[in-house]
Amino acid sequence: MILSPEECGCPLSDGGTSISNSPVCSGLALFMILIEGYLKGRCDIATPCQIVESVDKMEQEYDFIVVGAGAAGAIVAGRLSENKKFKWYRERNPGREIPSRFILKRLMDNLNKLGRFHRRVPQPQHQMINVNNDELDILIYFEANPKNSVREGGSNLLNGMMYHRGHAPDYEDWVKAGAVGWSWEENKKYFYMTEGNKQVGTLVNASYHSSNGTLPIQQFNEQPHFLYEILNAINETGLPVLSDMNDPYTPDGFVIAQTMSDDGQRVTTARAYLKPQSERPNLNVKTNAHVTRVLLDGKNAYGVEYINENGETKTITASKEVILSAGALNSPHILLLSGIGPKETLDKFKIPLIADLPVGKNLRNHVGLTLYFLVTKMNNTQILDWSVFTEYMLERNGPMSSTGITQLTGILYSSLADRSRDQPDLQFFFNGFYAECSKTGQIDEVIGDGDCYLNGRNISANGVLLLPRSIGYLTLKSTNPLDPPLFFPNFFDEPEDMVMAKDAARYLQKIFESDTMKNKYGVILDPEYTQGCDSSKEWSDAWIECMTRLHTDAQNHQLGTAAMGMVIDPELKVYGVSGLRVIDASSMPTQPSGNPQGAIMLVAEKGAVLK
């Protein structure tokens, strides 16, 4: 029966984050509490036999220490321990695998925007893993922030799951920046090691896709009807519509994206690459620990210091290498605390200098604006009801198995782009029609209180700069390793970036003023979000600039803070320090022109081979 827990062969766990007690879903919503209980009883979602245990006692020395459990760290861990036996633990909540929970990411982004233009203070989301191999000892640390309920997967656990590799010129730019050996052609085989595309021959061409990789890639089975109405509107504007955003011969256009998903569920790299103790018993795991610094003997890295779950400071050593895969904000933080970074910064905090390198100086991100709309000829009612939930439980299909209209994206050129390079510099996202948190589960349940909420369904659209000129930086807040680093994105410091934002807004104007959107569905700008810019005429240059500054959309695609050619060499080794590599988004010198997960996974696949 759908209401009864299944017999999974392993005890079902009740740990982890709760979909009913979150910033979006009120803990008083009985319907969401019931849904969570049912999800935890499904073997293919809860996967209790795939859970890996954390070790209580570790060896004092391992061959490798890998810090980080995001998209890169899990791949590095999986590849280093491939064909070896290991033990791994992650505290998981089955509701996090549901694609429709992507809406939580959007809210969390907004909550974390503490200084939209000048200063942002991020909250680390990492964990700590440990590997002990018969022939090769590997210790993998997953940093854990005790204030954060996200326990594994990093941003890989919260993103929109779109699979994109960027474009060939992106990697030409890497080579120019000092990443020799990282050209498009040289990287292809590593992309293919990850990509297990399930639509080769039906949707995408086998000439530039792989079906044999570790991570399942495919479109969601479910697309809301309104998604196709947006595509109709795009067609009316004359903008291109594609079937494959990774086709190198059609670099620009709108597409229903392929995603990192399978059987109606999100698939993180941790879920795809890391196996339980029964399959690899000599991978040791340590969770609930926070890596504070790399241990160095002169200019040789030999281990890490960390704070365990009891608040005790411990150390562990590595006979071969320490690998930082803690992400673009946390890997540089650890480097700085270890004495690797700009001399002026380390002197300010009285940290002994090991290597004078521009750690944190190349902070890059995708950024743009968000515009909010009302679909006035549709009621704003909940999509998630008992019938939708039942469809998901029985068939792993329906609105819960996708991200609503967010699976639609577009990549286009701004007026500043060099079209001869086939490197589009704008991306577009659409948000809405999620299977959101429902109070009762009744069909046509109204979102919000009062009849006013019947007058229009809320949606939004993002116009994002893929190759902004502005570059930020990251620095220390203090020498306390539990204080997150400060980062200053410097959004729109360069005037060209505002030109590109205005171009993006004009594209969105064309789409939402099309006949389909304007007349068939009565789409208008949401006055709740435009009131701060009422002094300017709608869609004027001044209005767009005001809206861009008022509703800046930082994509949380931070990268470049320990980049090849600046902090690390093309083999991802830290300049001037032996036994230390950085393998994650911070390793990338410039942005990919698209969703960054594919490029991050490339760095991890190639980095694991380079070790």
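The figures follow:
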| item | result |
| --- | --- |
| Filtered residues of the stretch 199-218 (kept if in contact (Cβ under 8 Å) with a residue 60 or more places away in the chain and open to solvent by 40 Å² or more (accessible area, probe 1.4 Å)) | Thr214 |
| Test: residue in the stretch 444-457 that is assigned to a helix (DSSP H, G or I) and under 24 Å from the mean Cα position of the chain (by Cα) | no |
| Of all residues in the stretch 296-312 being part of a strand (DSSP E or B) and free of Cβ contacts under 8 Å to residues at least 24 places away in the same chain, the one that is most open to solvent (accessible area, probe 1.4 Å) | Asp297 |
| Selected residue (only one of Asn379, Asn362 is among the polar types (S, T, N, Q) and within 23 Å of Gln442 (Cα to Cα)) | Asn379 |
| All positions within the stretch 555-576 that are buried (at least 24 other Cβ atoms within 10 Å of the Cβ) and in contact (Cβ under 8 Å) with a residue 60 or more places away in the chain | Gln558, Leu559, Gly560, Thr561, Ala562, Ala563, Met564, Val567, Val574 |
| All positions within the stretch 185-202 that are in a helix (DSSP H, G or I) and of a type in the set (Ser, Thr, Tyr) | Tyr190, Tyr192, Thr194 |
| Top-ranked residue of the stretch 416-443 - restricted to ones that are assigned to a strand (DSSP E or B) and in contact with a Leu (Cβ under 9 Å, 6 or more places away or on another chain), ranked as farthest from Lys502 (Cα to Cα) | Phe430 |
| Meets criteria (more than 26 Å from Gly70 (Cβ to Cβ), in contact with an Asp or Glu (Cβ under 7 Å, 6 or more places away or on another chain), touching a residue at least 60 places away in the same chain (Cβ under 8 Å) and open to solvent by 30 Å² or more (accessible area, probe 1.4 Å)) for Asp503 | no |
| Unique residue being part of a strand (DSSP E or B), open to solvent by less than 10 Å² (accessible area, probe 1.4 Å) and touching a helix residue (DSSP H, G or I) at 6+ places or on another chain (Cβ under 7 Å) when the list is Gly368, Gly410 | Gly368 |
| In the stretch 360-398, the residues that are small (Gly, Ala, Ser) and farther than 30 Å from Pro596 by Cβ | Ser387 |
| Among the residues listed as Trp174, Trp182, the single one being within 24 Å of Gln558 (Cβ to Cβ), in contact with a strand residue (DSSP E or B) (Cβ under 8 Å, 6 or more places away or on another chain), not aliphatic (A, V, I, L, M) and not in a loop (DSSP other than H, G, I, E, B) | Trp174 |
| Near pairs, Cβ below 6 angstrom, 6+ apart or cross-chain, from the stretch 506-534 (free of Cβ contacts under 8 Å to residues at least 60 places away in the same chain) to any residue that is assigned to a helix (DSSP H, G or I) and crowded, with 16+ Cβ neighbours inside 10 Å | Cys533/Trp543; Cys533/Cys546; Cys533/Met547 |
| Identity of the residue in the stretch 228-242, among the aliphatic types (A, V, I, L, M) and touching a Gly at 6+ places or on another chain (Cβ under 8 Å), that ends up most open to solvent (accessible area, probe 1.4 Å) | Val241 |
| Residue match in the stretch 526-544 (condition: among the polar types (S, T, N, Q), more than 22 Å from Asp173 (Cβ to Cβ), in a helix (DSSP H, G or I) and open to solvent by less than 30 Å² (accessible area, probe 1.4 Å)) | yes |
| Residues of the stretch 178-198 that turn out to be aliphatic (A, V, I, L, M) and either open to solvent by less than 40 Å² (accessible area, probe 1.4 Å) or modelled with pLDDT under 95 (or both), as a count | 1 |
| Residue count for the stretch 209-233, restricted to those that are over 22 Å from Ile459 (Cβ atoms) and part of a helix (DSSP H, G or I) | 0 |
| Residues satisfying the stated conditions in the stretch 248-258, i.e. at pLDDT below 95 and open to solvent by less than 40 Å² (accessible area, probe 1.4 Å) | Pro251 |
| Residue that is farthest from Leu239 (Cα to Cα) [pool: residues in the stretch 393-407 that are outside any helix (DSSP H, G or I) and open to solvent by 20 Å² or more (accessible area, probe 1.4 Å)] | Arg396 |
| Residue satisfying all of: in the stretch 326-353; in a loop (DSSP other than H, G, I, E, B) and more than 31 Å from the chain's Cα centre (by Cα); surrounded by the fewest Cβ atoms within 10 Å (Cβ to Cβ) among these | Lys350 |
| Residue check, Phe389 at pLDDT 95 or above and of a type in the set (Phe, Trp, Tyr) | no |
| Filter result for the condition that a residue is among the aliphatic types (A, V, I, L, M), at positive phi and in contact with a helix residue (DSSP H, G or I) (Cβ under 6 Å, 6 or more places away or on another chain), over Leu572, Leu550 | Leu572 |
| Members of the stretch 371-388 that are of a type in the set (D, E, K, R) and open to solvent by 30 Å² or more (accessible area, probe 1.4 Å) | Lys377 |
| Members of the stretch 574-589 that are among the polar types (S, T, N, Q) and touching a Leu at 6+ places or on another chain (Cβ under 8 Å) | Ser586, Ser587 |
| Some residue of the stretch 507-519 being open to solvent by 10 Å² or more (accessible area, probe 1.4 Å), within 15 Å of Gly368 (Cα to Cα), modelled with pLDDT of 95 or more and not polar (S, T, N, Q) | yes |
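The values are calculated or read from the model by the stated rules, or taken from the named source; none is laboratory data. Here the structure is a predicted model, which is why all the values come from computation and not from measurement. Here Cβ is always computed from backbone atoms with ideal geometry, including for glycine, and neighbour counts include all displayed protein chains. Each accessible area value is taken on the protein alone, full model and side chains, heavy atoms only, with ligands, DNA and RNA left out. Shrake-Rupley method; radii C 1.70, N 1.55, O 1.52, S 1.80 Å.
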